[in-house]
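Notes to accompany the following structure.
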Amino acid sequence: MYDIVIIGAGPAGMTAAIYGRRASKSVLMIEAKSYGGQIINTPDIENYPVAAHISGFDFATKVFEQATALGAQTVFEKAVGITPHDGVFTVTTNKGAYEGKTVIIATGSENRKLGVPDEDRLVGRGVSYCATCDGAFFRGKTVAVVGGGNTALEDALYLSELAETVYLIHRRDEFRGAEATAEKLRERENVRFVLNSTVTALHADKRLQSITVKNKNGDETELSVNGLFVAVGRIPENQNFASVCELDASGYAVSGEDCKTKTPGVFVAGDNRVKEVRQLVTAASDGAAAATEAVKYLNSVR
Ligand code: NAP
């Protein structure tokens, strides 16, 4: 039995682990993939206080080591449900079950797909959701990035260092991501902006050869590309936990800044929560708030 079971070892979950351990509570993190979550794919973090530049992998590794050195335990399993009983919670995973007096759901989000035919079939054959993982395969080649958020802009910037040409395809003519990054992209000679446009078809034999792009007037253009990097946002990973926390229409867990859910003892932290700003620093902030509330709850029911 753990005092705090944290589902997800991303920035929110790992920060919660640090706060939980510093309050002398036993902590287990349950992580389905690798520690770090989404941030592990970010090539260069420039907006977290202290470090002017740090890779997502280095950042995540430092936080994981910090949590582990404080005594937080981790298992790499996929949590599939939370069952409350007799004042405790059983978190079921694909391999077993763990009991916690409190649970913090810090599962973040998964890649949203474009939804065009053959997208799934071509993953690993030209279609990718991770520029830092797969960018090196496209050195000297032509790639397209789809999306207008920070991920798409940062991916396009990273790929412009490797690829001969980068098309940045966005469905509007304004970016959701940081203007500072968009400005850097405008200065790159090998970046071509394809705005007010969406990808409607992928063309391949064994590997991706080209894509069809449709603009808002309905005109279609075929672009020859070797790679397509999809960065059109994320979907919150809360579907297994709807019995203990209320979800909004988009699947985000409903809670305030105290990270409480409708179930006393269950908290939610990070990108899977309803919130205005989803950034590394706000994920870490949620982890601190959720663990602090979990500790208060534990001390109140003792
Ligand atoms: P995002 O901010 O939700 O942006 C998704 C982008 O994809 C939007 O531009 C959206 O267009 C577009 N889009 C959505 N569905 C689409 C579709 N079906 N077809 C074409 N385009 C589509 O997602 P994100 O860039 O992955 O970022 C997620 C969160 O992480 C954000 O809060 C972001 O700020 C944060 N983040 C932060 C950093 C950093 O701090 N360094 C780095 C990466 C990500 P519209 O704009 O028209 O809606």
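Observations, loosely collected:
- Of all residues in region 1-41, those satisfying the criterion of being open to solvent by 30 Å² or more (accessible area, probe 1.4 Å), closer than 22 Å to Ile235 by Cα and polar (S, T, N, Q) are Ser34, Gln38, Asn41.
- Elements of type strands (runs of 3 or more DSSP E) contained in region 1-113, each with 1 or more residues being in contact with a strand residue (DSSP E or B) (Cβ under 6 Å, 6 or more places away or on another chain), among the aliphatic types (A, V, I, L, M) and under 20 Å from Ser285 (Cα atoms): 2-7, 27-30, 97-105
- Qualifying residues in region 114-136 (those that are charged (D, E, K, R) and outside any helix (DSSP H, G or I)) - the one least open to solvent (accessible area, probe 1.4 Å): Glu119
- Here is the figure for region 114-129: residues that are in contact with a strand residue (DSSP E or B) (Cβ under 8 Å, 6 or more places away or on another chain) and either within 15 Å of the ligand (Cβ to nearest atom) or aliphatic (A, V, I, L, M) (or both) total 8.
- Selection status of Arg171, surrounded by fewer than 20 Cβ atoms within 10 Å (Cβ to Cβ) and within 13 Å of the ligand (Cβ to nearest atom): yes
- Condition check for Ala178: among the hydrophobic types (A, V, I, L, M, F, W, C), open to solvent by 20 Å² or more (accessible area, probe 1.4 Å) and farther than 30 Å from Val277 by Cβ: no
- Residue satisfying all of: in region 42-69; among the polar types (S, T, N, Q) and within 16 Å of the ligand (Cβ to nearest atom); surrounded by the fewest Cβ atoms within 10 Å (Cβ to Cβ) among these: Asn47
- Failed item in (1) farther than 30 Å from Thr198 by Cβ; (2) at pLDDT 95 or above, with Gly270 passing the rest: (1)
The values are calculated or read from the model by the stated rules, or taken from the named source; none is laboratory data. Bear in mind the structure is a predicted one, so any value in this text is a computation, not a measurement. Because the Cβ atoms are built from the backbone with ideal geometry, glycine has one as well, and the counts that use them run over all protein chains shown. Calculation scope for accessible area: heavy atoms of the full protein, side chains included, ligands and nucleic acids excluded. Shrake-Rupley method; radii C 1.70, N 1.55, O 1.52, S 1.80 Å.
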